[in-house]
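As structure tokens, the structure follows; a few thoughts come after it.
The values are calculated or read from the model by the stated rules, or taken from the named source; none is laboratory data. Since the model is a prediction, treat every value here as computed from it, not as a measurement. Because the Cβ atoms are built from the backbone with ideal geometry, glycine has one as well, and the counts that use them run over all protein chains shown.
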């Protein structure tokens, strides 16, 4: 009886450890809010500064065609630094943040994953 109890206890402990490992590996979320005041369509992409990752990724970009606030929830790694890049579509010389392809430097355009939500980034002409 005691052996059966110990075996059951060991199995339960192993299961709890596996669940704990899965939970700690789960992605965090960083929610960005972006509003464009530019009259042309603006492309937006988010770039990790800690690994080779971009959102939305796969050569895609988010497009903003109005003056509404757009919300983007990114699954990321806790502590990861993420910067936004925005540019007038088909005219990357007009940009905000790190610009197209994370090519420019910036001040105050990056946030840390796990920090919840960013302030609204307003893209002025």
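Taking the conditions (1) surrounded by 12 or more Cβ atoms within 10 Å (Cβ to Cβ); (2) in a strand (DSSP E or B) in turn, residue 119 satisfies each one other than (1). As a summary of the residue check, residue 39 satisfies the conditions (1) over 15 Å from the mean Cα position of the chain (by Cα); (2) without any contact (Cβ under 8 Å) to a residue 60 or more places away in the chain; (3) under 16 Å from residue 90 (Cβ atoms); (4) loosely packed, with under 13 Cβ neighbours inside 10 Å except for the one numbered (2).
Selection of region 95-110 for residues being assigned to a loop (DSSP other than H, G, I, E, B) and surrounded by fewer than 16 Cβ atoms within 10 Å (Cβ to Cβ) yields 103, 105, 106, 107, 108.
I'd like the residue in region 95-117 that is at pLDDT 95 or above and within 15 Å of residue 30 (Cβ to Cβ) and, out of all such residues, is farthest from the chain's Cα centre (by Cα). Selected residue: 97.
Within region 77-94, if we keep just the residues that are at pLDDT 95 or above and in contact with a helix residue (DSSP H, G or I) (Cβ under 9 Å, 6 or more places away or on another chain), the residue that is surrounded by the fewest Cβ atoms within 10 Å (Cβ to Cβ) turns out to be 83. Taken over region 18-75, the criterion of being modelled with pLDDT under 95, out of contact with any strand residue (DSSP E or B) (no Cβ under 7 Å at 6 or more places or on another chain) and part of a strand (DSSP E or B) is satisfied by 57 alone.
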